[in-house]
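Step one of this worksheet: look at the structure below.
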Amino acid sequence: MIGQFSMLAIVPVALVLAGALRNTALRSLRPWAALLAVVYAIPLVLWAIGPDRAPSLSKDMAPVFVPLISVAAVAVVVALVARSRRSPAVVKG
């Protein structure tokens, strides 16, 4: 978002959400992934339906959303790390 590529952020957000929803082992990440998707979707929807929308999402996004999206992304990473520390991977052999 700082580099004026906010629309490209939809790719990792969608991947995180899809991965959390499809993989049953990542069930504990679902609320955090959903939070990230919602926090990203709010400025995206506001930009898409806005009457006086800017040519890009980066120019139209309110500055408050940048730290909110960043905090939500960090929360997903922290939840993933905490989950991996709680339950070590089971090696099938």
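If ligands, DNA and RNA are left out, what is the accessible area of L46 with a 1.4 Å probe, given in Å² to the nearest 10?
100 Å²
Please work out how much accessible surface D52 shows to a 1.4 Å probe, ignoring ligands, DNA and RNA, in Å² rounded to 10.
Solvent-accessible area, nearest 10 Å²: 140 Å².
Roll a 1.4 angstrom probe over the protein heavy atoms and tell me the percent of accessible area of the chain that is carbon or sulfur.
On the way: 4630 of 6420 Å².
That fraction is 72 percent.
Can you tell me the accessible area per residue over the chain, all protein chains present, probe 1.4 angstrom, in square angstrom? Walk me through the intermediate numbers first.
Numbers: 6420 Å² over 93 residues.
Accessible surface, normalised per residue, equals 69 Å².
Report, in deg cm²/dmol and to the nearest 500, the calculated mean residue ellipticity at 222 nm for the chain, where each DSSP H run with n ≥ 4 adds -39500 (n - 2.57) and the sum is divided by the residue count.
Numbers: 4 runs with 59 residues, N = 93.
The per-residue figure over the chain is -20500 deg cm²/dmol.
What does the charge add up to near D52, with Lys and Arg as +1, Asp and Glu as -1, over the other residues with Cβ less than 12 Å from its Cβ?
On the way: positive: R53, K59; negative: D60.
Combined, the nearby Lys, Arg, Asp and Glu give +1.
The values are calculated or read from the model by the stated rules, or taken from the named source; none is laboratory data. What you are looking at is a predicted structure, and each value in this text was computed from that prediction instead of being measured. Here Cβ is always computed from backbone atoms with ideal geometry, including for glycine, and neighbour counts include all displayed protein chains. Remember, those area values only see protein heavy atoms, side chains included, never the ligands or the DNA or RNA. Shrake-Rupley method; radii C 1.70, N 1.55, O 1.52, S 1.80 Å.
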